[in-house]
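Every number here is computed from the coordinates shown, using simple stated rules; none is lab data. What you see is a predicted model; the values in this text were computed from it and never measured. We place every Cβ from the backbone using ideal geometry, glycine too, and count neighbours over all the protein chains shown.
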Ligand code: GBH
């Protein structure tokens with residue numbers, strides 16, 4: 001019996017601002033992360049993405065490495081401000097240079113390109129007009145989506161409209177630790193979620209209009225709970241708590257976004273602020289929502305709950321990653337089942353991984369035993385969800401390269417390939433050699 005489905009897709013993911021560099025080359029316009037970093041005071045060590053991993057200038061080398069790692073798919077994002085320097089209006093004739101080279105090189109090497117349209121780097125010109133608070137942005141996003149889909153028609157078949165609406169809304173507009181750095185009240189954050197839903201939907205329609213065969217998904221990072229003991233009652237409480245908006249942090253649930261898109265309503269557990277916002281919505285908005293073809297799940301860890309749905313604190317000294325995120329492999333078993341049970345559409349794991357204190361050893365290699373152990377545990381648990389019927393189409397590790405970790409700058413290393421930021425040199429870590437065997441055996445080596 002095979003552990004993973006026959007056509008299961010194994011790959012890795014990254015995002016434009018985190019790895020490309022070339023922040024002002026070939027006619028690119030400024031985006032909110034350029035501004036946020038250059039302003040100073042927001043990012044550790046005053047780091048920025050001006051150069052990052054310099055992927056922009058290393059396409060051939062990088063794709064050769066991907067090939068060497070045995071990747072079947074590469075999820076990357078397009079920088080909106082490269083295509084539309086002003087967010088809207090005129091297309092930059094040089095905007096696709098890098099992406100053309102990347103996509104063609106991936107295809108030549110048998111690696112499937114998967115495009116995220118928006119991974120947080122909004123053109124500054126659109127932020128000047130209110131960013132995701134202004135619903136006019138949905139038109140600009142649809143235009144951008146249309147231009148990208150038209151350009152890659154026949155070469156790219158899988159798109160993700162938005163990466164993690166939860167982070168865009170809450171980290172960018174609620175607590176301000178991400179660009180654009182705004183600190184607004186909960187009703188405004190709810191409004192951002194709604195505009196993001198409309199933008200996803202308009203973008204999805206635009207892609208389908210130019211390429212009806214394209215598959216279009218959206219990527220969530222909502223809270224996931226898993227049962228302390230694997231009983232039916234505890235499984236149920238974990239499911240209920242996963243989508244409970246009345247627990248602290250409705251901004252970090254999946255349903256605050258996906259319910260709107262797919263169920264076309266807010267959950268009954270929505271708090272007062274969300275309800276108040278809901279009253280201001282034009283009812284015809286709900287008819288404009290587009291159900292995605294798949295849901296991308298970004299999952300790093302989860303919350304353990306008991307049979308009554310109470311959160312169980314990790315025991316003292318429980319394992320954590322370098323940036324102190326909990327290590328909870330069990331969440332992989334249940335997260336795909338939860339999302340599938342509620343929404344009934346297939347899922348990808350679009351991100352999963354960890355940061356480690358990686359360094360180059362005396363022997364010149366990067367021995368990241370922690371990452372191998374983490375991956376091994378998480379993938380074994382993922383397999384359990386699949387065995388119980390969750391339609392999981394693939395697994396994309398976050399990340400391929402060490403890269404710019406937003407407000408944490410370059411302090412956190414999430415890659416399976418080490419990047420020496422002094423000179424851009426890449427070194428395959430032990431984990432990616434291990435991962436290659438997993439891919440080659442379609443998970444049977446686990
Ligand atoms: C992803 O974000 C990003 O897509 C990617 O760009 C980034 O580099 C990568 O992960 C690694 O950070 O406990 O309720 O406050 C993941 C961000 C981190 C989302 C923690 C939710 C906690 C929610 N997530 N998180 S809560």
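Listed values, structure above:
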| quantity | calculated |
| --- | --- |
| Residue 407-residue 265 pseudo-label distance in nm [points 7 Å out on the Cα-to-Cβ vector] | 3.5 |
| Span from the the stretch 267-293 Cα centroid across to the the stretch 399-442 one, whole angstrom | 39 |
| Cβ-Cβ FRET estimate between residue 326 and residue 420, R0 fixed at 35 Å, reported to 0.05 | 0.75 |
| Whole-Å distance, taken between Cα centres, linking the stretch 80-140 and the stretch 46-70 | 18 |
| Most mobile of 313, 433, 28 in a GNM of the chain (Cα contacts under 10 Å) | 313 |
| Gain upon complete extension [residue 276, residue 361; 0.36 nm per residue less C-alpha separation] | 25.0 nm |
| Whole-number percent relative contact order across the stretch 318-390, with pairs defined as alpha carbons under 8 Å at least 6 apart | 43 |
| Where labels lie 7 Å past Cα in the beta-carbon direction, separation of residue 233 and residue 387 in nm | 2.6 |
| Structure-based [θ]222 nm, the chain - -39500 (n - 2.57) summed over DSSP H runs of at least 4, per residue, nearest 500 | -10000 deg cm²/dmol |
| Global geometry of the stretch 289-334, whether rounded, prolate or oblate, following the gyration tensor of its Cα atoms and the 1.5 cut on a/c | oblate |
| Relative contact order computed over the stretch 371-446 (Cα-Cα under 8 Å; 6+ residues apart), in percent | 23 |
| Packing-based ranking, highest mean first, of 438-445, 295-302, 420-427 given that Cβ atoms within 10 Å are counted | 295-302, 438-445, 420-427 |
| Convex hull per residue volume in Å³, alpha carbons only, for the stretch 1-149 | 146 |
| Fewest-first ranking of 96, 8, 36, using other Cβ atoms within 10 Å as the exposure measure | 8, 96, 36 |
| Packing-based exposure ordering (other Cβ within 10 Å, fewest first) of 10, 132, 325 | 325, 10, 132 |
| Taking 277, 243 and counting other C-beta atoms within 10 Å, the order from fewest to most | 277, 243 |
| Anisotropy class of the stretch 222-379 from Cα gyration tensor, a/c 1.5 cut | prolate |
| Relative contact order (percent, whole number), the chain, Cα cutoff 8 Å, 6+ residue spacing | 18 |
| Gain on full stretching of the segment that runs from residue 446 to residue 345 - 0.36 nm per residue minus C-alpha separation | 33.7 nm |
